[in-house]
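Before I ask anything, let me first share the structure, which is written out below as structure tokens.
The values are calculated or read from the model by the stated rules, or taken from the named source; none is laboratory data. Everything numeric in this text was worked out from a predicted model, so none of it was measured. Glycine gets a Cβ as well: all are built from the backbone with ideal geometry, and neighbour counts include every protein chain shown. Ligands, DNA and RNA are stripped out before the accessible areas are found, and what is left, the full protein with its side chains, is counted by its heavy atoms. Shrake-Rupley method; radii C 1.70, N 1.55, O 1.52, S 1.80 Å.
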Amino acid sequence: MFDRRLRLVALLTALAALLLGACGNSESSTTTTGADNEQGMEFAFGEPADPADADRTVEIVASDDLSFDPANLTVTVGETVTFRVVNAGQVPHDFTLGDQMTQDEHEAEMAEMDGMTMSDEANAVTVAVEETKELTWRFTEPGTVLIGCHQPGHYAAGMKVEITVES
Ligand SMILES: [Cu+2]
């Protein structure tokens, strides 16, 4: 009885450590987590925006052949876009908006978490089978921004959208 309670405490402690580790406060300061976003986390490639301020809506369809449609997109600096993310497949996909560094970090985080579902963040949503979610973003810097799916193996297989932000 007492033994079992001890094991439960040990398990919970291990779980808490795992969760804290995943949240990454002790890791690189550029790691984006939901908690950080709520505290006004800044992104180098733009900022979350109010859907009411969107200049247009772009539908992004995620498929089980590990691609997004469209695979390329051009936006203008200052433009606010609502992405309507549609999962047309039979497995979960996710949509993470970010520069190359953000994609690389997210890929590493997902590998560490071994398939656990990420909670939605200011720049990322997970779409379950037959689910559609929206995310509104304002692009503030010229350059290239990517959308990546970081379900295990998907990004490596090329599941990404290249967004060209024109000045
Ligand atoms: Cu995917």
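Looking only at the stretch 50-75, how many residues end up being out of contact with any Gly (no Cβ under 6 Å at 6 or more places or on another chain), among the polar types (S, T, N, Q) and either open to solvent by 80 Å² or more (accessible area, probe 1.4 Å) or within 16 Å of the ligand (Cβ to nearest atom) (or both)? Steps first, answer last, please.
Initial filter on the stretch 50-75 (out of contact with any Gly (no Cβ under 6 Å at 6 or more places or on another chain)): 50-62, 65-75.
Within this subset, residues satisfying the condition of being among the polar types (S, T, N, Q) are 57, 67, 72, 74.
Imposing the further condition that a residue be either open to solvent by 80 Å² or more (accessible area, probe 1.4 Å) or within 16 Å of the ligand (Cβ to nearest atom) (or both) reduces the set to 67, 72.
Selection size over the stretch 50-75: 2.
Test LEU135 against the stated conditions and say whether it is within 18 Å of PRO70 (Cα to Cα) and either touching a helix residue (DSSP H, G or I) at 6+ places or on another chain (Cβ under 7 Å) or small (Gly, Ala, Ser) (or both). Full working, then the answer.
On the way: within 18 Å of PRO70 (Cα to Cα): yes; either touching a helix residue (DSSP H, G or I) at 6+ places or on another chain (Cβ under 7 Å) or small (Gly, Ala, Ser) (or both): no.
Answer is no for this residue.
Still on this model: For residues in the stretch 117-133 being open to solvent by 10 Å² or more (accessible area, probe 1.4 Å) and touching a residue at least 60 places away in the same chain (Cβ under 8 Å), which is farthest from the ligand (Cβ to nearest atom)?
ALA122
To continue, here is another question. In the stretch 120-167, what residues are closer than 15 Å to GLU79 by Cβ and either among the small types (Gly, Ala, Ser) or at pLDDT below 95 (or both)?
GLY143, SER167
Do we find that VAL165 is part of a strand (DSSP E or B) and either within 12 Å of the ligand (Cβ to nearest atom) or among the hydroxyl-bearing types (Ser, Thr, Tyr) (or both) in this structure?
Working: part of a strand (DSSP E or B): yes; either within 12 Å of the ligand (Cβ to nearest atom) or among the hydroxyl-bearing types (Ser, Thr, Tyr) (or both): no.
No; evaluated as a whole, the condition is false for this residue.
Among the listed residues GLU112, GLU107, which satisfies the condition of being in contact (Cβ under 8 Å) with a residue 40 or more places away in the chain, more than 18 Å from PRO48 (Cα to Cα), of a type in the set (D, E, K, R) and within 15 Å of the ligand (Cβ to nearest atom)? Spell out the reasoning first.
Details: GLU112 fails: within 15 Å of the ligand (Cβ to nearest atom).
Sole residue among the options that is in contact (Cβ under 8 Å) with a residue 40 or more places away in the chain, more than 18 Å from PRO48 (Cα to Cα), of a type in the set (D, E, K, R) and within 15 Å of the ligand (Cβ to nearest atom): GLU107.
Right, next: Taking the conditions exactly as written (within 19 Å of GLN151 (Cα to Cα) and of a type in the set (Phe, Trp, Tyr)), does PHE68 satisfy them or not? If you could, list the steps in order and put the result at the bottom.
Values: within 19 Å of GLN151 (Cα to Cα): yes; of a type in the set (Phe, Trp, Tyr): yes.
Taking the combined requirement at face value, the residue satisfies it.
To continue, here is another question. Select from the stretch 110-140 the residues that are out of contact with any Gly (no Cβ under 7 Å at 6 or more places or on another chain) and either within 20 Å of PHE45 (Cα to Cα) or part of a strand (DSSP E or B) (or both) and list them in ascending order.
ASP120, ALA122, ALA124, VAL125, THR126, VAL127, THR132, LYS133, GLU134, LEU135, THR136, listed by residue number.
If you check THR136 against the conditions, is it out of contact with any strand residue (DSSP E or B) (no Cβ under 6 Å at 6 or more places or on another chain), on the phi < 0 side of the Ramachandran plot and open to solvent by less than 20 Å² (accessible area, probe 1.4 Å)?
On the way: out of contact with any strand residue (DSSP E or B) (no Cβ under 6 Å at 6 or more places or on another chain): no; on the phi < 0 side of the Ramachandran plot: yes; open to solvent by less than 20 Å² (accessible area, probe 1.4 Å): yes.
For THR136, the condition - out of contact with any strand residue (DSSP E or B) (no Cβ under 6 Å at 6 or more places or on another chain), on the phi < 0 side of the Ramachandran plot and open to solvent by less than 20 Å² (accessible area, probe 1.4 Å) - is not met.
Restricting attention to the stretch 141-162, which residues are assigned to a strand (DSSP E or B) and open to solvent by less than 40 Å² (accessible area, probe 1.4 Å)? Talk me through it step by step, then tell me what you get.
Initially, the stretch 141-162 is screened for residues assigned to a strand (DSSP E or B), giving 143-148, 160-162.
If the condition is that a residue be assigned to a strand (DSSP E or B) and open to solvent by less than 40 Å² (accessible area, probe 1.4 Å), then GLY143, VAL145, LEU146, ILE147, GLY148, VAL161 are the ones that fit.
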